[in-house]
Amino acid sequence: MGSHGQSTLVPRTGVQVRLLGGFAVEVHGRAVEDKGWRLRKAKTLVKMLALAEGHRLHREQAIAVLWPDRAPAAAANNLHQVLHVARRQLNGGDGAPSCLRLDDDVLSLGSETRLWIDVDAFRHEAVAALRRGDGSRAQAALELYRGTLLPEDLYADWTEPSRGELERLHGE
């Protein structure tokens, strides 16, 4: 896979997020343990940002999914708690810049950190394979597709558009 560009190679440093076949995160090669997330919605926020275009969401979009029935002030407070927990899990320590940011009401993932997401790598390889009829790229894409997108969130509405698109790409 060396000549296929950096995007599909799993880096040894930075943050790696896996969404295909189940959610998993590594920071600088160390797995983030499930119990470390403490708040389930902290994981959900990272999943949503990993799937979002450009890995960015307006804070109101996140709040609408995570706390649809909460008053705005309570939801904003909850968002800050969830951000705190998620940042602690995604930060490799060493005073590294945060992988998860909130600037001008926009949440972003990976802005100053090397970020690798299996869905992006799969999409990149699958599209390249289809465009060029390239068997080795198709094989690389298949190796990245470890299963259904976020099977633990199978019935969450926010996963549906991406799941359908990825399953279509995988089927081609």
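The values are calculated or read from the model by the stated rules, or taken from the named source; none is laboratory data. All values derive from a computational prediction rather than experimental measurement. Using ideal geometry, Cβ is built from the backbone for each residue, glycine included, and neighbour counts are taken over all protein chains shown. Surface accessibility is based on the protein's heavy atoms, side chains included, excluding ligands, DNA and RNA. Shrake-Rupley method; radii C 1.70, N 1.55, O 1.52, S 1.80 Å.
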- [ ] At most 13 other Cβ atoms within 10 Å and a DSSP loop assignment: could you name the GluC sites (Glu not before Pro) in segment 20-67 that fit?
- [x] E33
Open item on the list: Skipping prolines and chain starts, which residues have an amide H placed within reach, meaning under 5 Å, of the one on I117, given they are 5 or more residues away or on another chain?
Closed with: V17
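Can you list which of the trypsin sites (Lys or Arg not before Pro) found in segment 46-136 are DSSP loop residues with at most 16 other C-beta atoms within 10 Å?
On the way: sites: K47, R56, R59, R70, R87, R88, R101, R114, R123, R131, R132; in loops: R70, R114.
Listed in order of number, the matching sites are R70, R114.
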Open item on the list: What do you get for the angle between helix 135-144 and the principal long axis of the chain? Use alpha-carbon atoms, 0 to 90 degrees, nearest ten.
Closed with: 30
- [ ] Report Rg/Rh for the chain, rounded to two decimals, where Rg is the Cα radius of gyration and Rh the Kirkwood radius.
- [x] 0.98
Task: Positive dipole terminus of segment 79-172, leading residue within L144, L90, L166 (C-beta point charges) - done: L144
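Are there GluC sites (Glu not before Pro) in segment 63-154 that DSSP marks as loop and that have at most 12 other Cβ atoms within 10 Å, and which are they? All intermediate terms of the calculation are to be shown ahead of the outcome.
Numbers: sites: E112, E125, E143, E152; in loops: E112.
Qualifying residues, ordered by number: E112.
Run the numbers for R131 and K35: contour at 0.36 nm per residue of separation, minus the present Cα-Cα distance, in nm. Mind dumping the intermediate values first?
Working: separation 96, 0.36 × 96 = 34.56 nm, distance 4.16 nm.
Full-extension gain reported as 30.4 nm.
Beyond 21 Å, what percent of the Cα pairs of segment 49-147 remain?
Of all Cα-Cα distances in segment 49-147, 49 percent exceed 21 Å.
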Task: For segment 72-80, 3J(HN,Hα) per residue [Karplus equation, 6.51 cos²θ - 1.76 cosθ + 1.60, θ = phi - 60°, Hz, x = Gly/Pro] - done: x, 5, 5, 5, 5, 5, 4, 4, 5
- [ ] Starting from the residue with the highest accessible area, list F122, F23 in decreasing order, probe 1.4 Å.
- [x] F23, F122
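Which whole-number percentage describes the relative contact order of segment 30-129, with Cα contacts under 8 Å and a sequence gap of 6 or more? Spell out each step's value before the answer.
Details: 85 pairs, mean separation 29.9, N = 100.
Taking the mean separation of contacting Cα pairs over the length of segment 30-129, I get 30 percent.
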TODO: Treat each spin label as a single point 7 Å out from the Cα along the C-beta direction, and report the D105 to Q139 distance in nm.
DONE: 5.0
TODO: Taking a cut-off of 12 Å between Cα atoms, list the aspartates and glutamates near K43, but don't count ones fewer than 8 places away on the same chain.
DONE: E33, D34, E152, D153
Task: Lys, Arg +1 and Asp, Glu -1 on Cβ, resulting dipole of the chain about Cα centre, debye, nearest 20 - done: 400
